[in-house]
Amino acid sequence: MSDRAQVSDTVTGLIEPFNKKGVALSDATTFQGDLEWDSLTVMDFVASIEDEFDIIITMNMQAEIETVGQLVDAVMKQKG
């Protein structure tokens, strides 16, 4: 299994508690449109991502991340 696949599996696992509508997740799933998250949910989720991967996701990065795939790529880049 590739590193990206492992990160993707972990990210989707972290999304599940926040996925109140049971949306099927893919790289193209959007946080605002598909999952309908509000800003508080986003903050809670970002905190769980930061804790899990021991990284910091800045506000600027958050503004650019709209899909699950973009988040996985951002985590990969941060993990370097």
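The values are calculated or read from the model by the stated rules, or taken from the named source; none is laboratory data. Treat the numbers as computed from the prediction; the structure is a model and nothing was measured. Methodologically, a virtual Cβ is constructed for each residue, glycine included, from the backbone with ideal geometry; neighbour enumeration extends over all protein chains shown. Surface areas here come from the heavy atoms of the whole protein model, side chains and all, with no ligands, DNA or RNA. Shrake-Rupley method; radii C 1.70, N 1.55, O 1.52, S 1.80 Å.
Go through (1) touching a residue at least 60 places away in the same chain (Cβ under 8 Å); (2) open to solvent by 90 Å² or more (accessible area, probe 1.4 Å) and name the single condition Lys21 misses.
(1)
Quick check on Val7: is it open to solvent by less than 30 Å² (accessible area, probe 1.4 Å), β-branched (Val, Ile, Thr) and touching a residue at least 60 places away in the same chain (Cβ under 8 Å)?
Yes: the conditions hold for Val7.
What about Ala74, is it among the aliphatic types (A, V, I, L, M) and in contact (Cβ under 8 Å) with a residue 12 or more places away in the chain?
Yes.
So, in segment 31-54, how many residues would count as being hydroxyl-bearing (Ser, Thr, Tyr) and over 17 Å from Val75 (Cβ atoms)? Break it down stepwise before answering.
Our first condition is that a residue be hydroxyl-bearing (Ser, Thr, Tyr); within segment 31-54, this holds for 39, 41, 48.
Checking which are over 17 Å from Val75 (Cβ atoms) leaves us with 39, 41.
The number of residues fulfilling the criteria is 2.
Criterion first (buried (at least 16 other Cβ atoms within 10 Å of the Cβ), over 10 Å from the mean Cα position of the chain (by Cα) and touching a residue at least 24 places away in the same chain (Cβ under 8 Å)) does Phe31 satisfy it?
Against the criterion (buried (at least 16 other Cβ atoms within 10 Å of the Cβ), over 10 Å from the mean Cα position of the chain (by Cα) and touching a residue at least 24 places away in the same chain (Cβ under 8 Å)), Phe31 does not qualify.
Looking only at segment 35-68, filter to residues that are in contact with a helix residue (DSSP H, G or I) (Cβ under 9 Å, 6 or more places away or on another chain) and not in a helix (DSSP H, G or I); which one of those is most open to solvent (accessible area, probe 1.4 Å)?
The qualifying residue most open to solvent (accessible area, probe 1.4 Å) is Asp54.
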